[in-house]
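What follows draws every value from the coordinates through simple rules; no lab data is involved. Quick caveat, the model's predicted, so the values are computed rather than measured.
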Amino acid sequence: MQLKRISFSSRAVVADPFSWAYELEDYGYTGWEIVQEGSQCLDSRTLQKVRNIYETTNLELTLHLPFSDMNLAGLNPCIRGEVLRQMKHYLSLASDFVNLAVVHPGYLSPYGAQIPQKACQTNLESLRELCEFAADFGILIAVENMPAYPKIFGKYPDEIFEMLEAIGSYNVGFTFDVGHANTVGLIDDFLGQLGARISHVHIHDNRGERDEHLPLGEGTVDWASVFEKLSDYKGIFVNEMGSIEEGIKSLEFLKKL
């Protein structure tokens, strides 16, 4: 199998990603999803490096908004305000290069767990605010389904569907993370209920219990079935790996599929 639009992404990379990005096309990748974590974060120093990659390669760039220490459902207004400020900052910096940004829903803090409905509403309000901000740049905000972690929003198909409906923005989309769906045993349910709403796809493997981000074919995901059910999907498949070497393994698996 040869996917026409396949990107590489790795949050594990702490070395200079602006050098190895130039190698991606040589391996068969057509894009790069830049994760706003660690050395990949856009700032005044790295922005020109991304611009050079954008202008001198054919890579299609997308953005993954930060998630470490970020809670869109947080009930401390000052801290939540800072989370939104940082996310908006990265959207602004990337606006010349990307038209889609992935975001994780929020989660229940110890306080939020006492009043989960308030936390849920805060999560929706935060996502709406991001959608409104990103719309001015022509960037789609694609909410991602989450793995089997406790107290996090967005693990189940019904929950994601209700979230998208409640956000109610023309500028909200859905990032279907196959590996995350496998940890809750609901890949087929997601595809059946939300297949028509998928804007973006993340691919990685696991054994159905933890979010391991294994190369494709090293876990329990039935990839032949997944790709068959996604045959009408025309968007990007983002291979989320721990290293370039694992990314190459996944491409080799796809070629044999």
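Once you reduce the range 120-147 and the range 182-257 to the center of their Cα atoms, the two points are 23 Å from each other. Is the shape of the chain rounded, prolate or oblate, going by the alpha carbon gyration tensor and its root eigenvalues a ≥ b ≥ c, with a/c under 1.5 for rounded and a/b larger than b/c for prolate? Here the chain falls in the oblate category.
Helix-only arithmetic for the chain: the sum of -39500 (n - 2.57) across DSSP H runs with n ≥ 4, divided by the residue total, places the mean residue ellipticity at 222 nm at -11500 deg cm²/dmol.
For a straight C-alpha distance cut-off of 16 angstrom, the aspartates and glutamates reachable from residue 4 (same-chain residues fewer than eight places away being disregarded) are 25, 26, 33, 60, 228, 232, 252. For the options 199, 19, 109, a Gaussian network treatment of the chain with springs between C-alpha atoms closer than 10 Å singles out 19 as fluctuating the most.
Legend: distances between Cα atoms for 234/255; 118/151; 229/255; 88/234; pairs beyond 21 Å are 88/234. Just checking the listed ones, 182, 52, 71: in the Gaussian network model of the chain with Cα springs under 10 Å, the one fluctuating most is 52.
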